[in-house]
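What follows is one structure encoded as structure tokens, with my remarks underneath.
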Amino acid sequence: MSPAERDAGAGGLDRAAAILGAFDEQHRELTLAALVARSGLPRSTTHRTADKMLRLGWLDKPAERYRIGNRLFELSGLAPVRHELREAALPFLQDLFHATRTTVQLGVLSGIQVLLVEKITGHRPMPMLSQVGALLPAYCSALGRAILAHSDEATVQAVIDGGLERRTPRTITTATALRRELAAIPDRGLAVEREEGNIGMSCVAAPIFGPLGGVVAAVSVTGPAALIRADRAGPAVRLAAAAASRAYSSSSFPSR
């Protein structure tokens, strides 16, 4: 492959990444015009690249709107965070849901945000909660705080440097207050967030540890603030996190 061909291939990947980046939880389907606006690419480039992504199965277009294709969903199941961690933790997430009868979530740190890897919910609709694959702010989510409380200083500082935007009147927005909250989490074994991400919603989370003792994820229960309390949900959350930690550590180092 010539240098020119390599450069063209790299450019093609950048364009595909820009198009994929145009989609998010609020923009699951996009017209060509919207895809152009959100990707920042020229219209002809967007159309040509999207057409190739359709042939590859990376995008789908059942009518006049583009959406993420099934091929990417198939590939996502091969990622360790989806396959190994999720498979190890899922039975205990299900146990936690049956014990609390409220929404259970599994998240991992992705940069300065939390990637929602799994979610178990009941029949009660909660449209304000994010879907699997969404990114949540680490600083004001119980999932994020449970992970940050056991992370190194550089990780915590990166989250602080990313900004502590006020999402509700209850959101912690100063580095001092956030560090104070994180410092209290290891002793009690739980991270608690009360109406800091969404008014009327609260969350209790506990960390999941890997085979080398480092934090790898967190599990939480989330629901109406009047129902979610650390003293009630906390023991079940801690139990699920501890069991998931053991299962994930065992799956990472299987016996020979």
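The values are calculated or read from the model by the stated rules, or taken from the named source; none is laboratory data. Fair warning: this is a prediction, and the values are worked out from it, not measured in the lab. Here the Cβ is made from the backbone with ideal geometry for all residues, glycine too, and neighbour counts use every protein chain on show.
Residue count for segment 41-64 under the criterion of being of a type outside the set (Asp, Glu), touching a strand residue (DSSP E or B) at 6+ places or on another chain (Cβ under 6 Å) and not in a helix (DSSP H, G or I): the result is 1. Answer yes if at least one residue in segment 82-89 is farther than 30 Å from Asp161 by Cα and either modelled with pLDDT of 90 or more or of a type in the set (Phe, Trp, Tyr) (or both), and no otherwise. Yes, some residue in segment 82-89 is farther than 30 Å from Asp161 by Cα and either modelled with pLDDT of 90 or more or of a type in the set (Phe, Trp, Tyr) (or both).
Of the residues that make up segment 149-156, is at least one among the charged types (D, E, K, R), in contact (Cβ under 8 Å) with a residue 24 or more places away in the chain and in the same structural domain as Pro224 (by TED's automatic domain parsing)? No, because not a single residue in segment 149-156 is among the charged types (D, E, K, R), in contact (Cβ under 8 Å) with a residue 24 or more places away in the chain and in the same structural domain as Pro224 (by TED's automatic domain parsing).
As a summary of the residue check, Met201 satisfies the conditions (1) under 17 Å from Leu143 (Cβ atoms); (2) modelled with pLDDT under 90 except for the one numbered (2). Every listed requirement among (1) over 25 Å from Ser245 (Cβ atoms); (2) surrounded by 16 or more Cβ atoms within 10 Å (Cβ to Cβ) is met by Arg180 save one, (2). Only one of the numbered conditions (1) surrounded by fewer than 19 Cβ atoms within 10 Å (Cβ to Cβ); (2) part of a strand (DSSP E or B); (3) not β-branched (Val, Ile, Thr) is violated by Ala217, and that is (1). Residues in segment 100-156 that are at pLDDT 85 or above, among the polar types (S, T, N, Q) and loosely packed, with under 15 Cβ neighbours inside 10 Å: Ser110 only.
Could you say whether any residue in segment 231-251 is farther than 16 Å from Val108 by Cβ, in a loop (DSSP other than H, G, I, E, B) and in contact (Cβ under 8 Å) with a residue 24 or more places away in the chain? No, segment 231-251 contains no residue that is farther than 16 Å from Val108 by Cβ, in a loop (DSSP other than H, G, I, E, B) and in contact (Cβ under 8 Å) with a residue 24 or more places away in the chain.
So, in segment 23-61, exactly how many residues are within 20 Å of Gly133 (Cβ to Cβ), hydroxyl-bearing (Ser, Thr, Tyr) and over 23 Å from the mean Cα position of the chain (by Cα)? The qualifying residues number 0.
Is it the case that segment 178-190 has a residue that's under 19 Å from Ala99 (Cα atoms) and not assigned by TED's automatic domain parsing to the domain that holds Gln26? So far as segment 178-190 goes, yes, one or more of its residues are under 19 Å from Ala99 (Cα atoms) and not assigned by TED's automatic domain parsing to the domain that holds Gln26.
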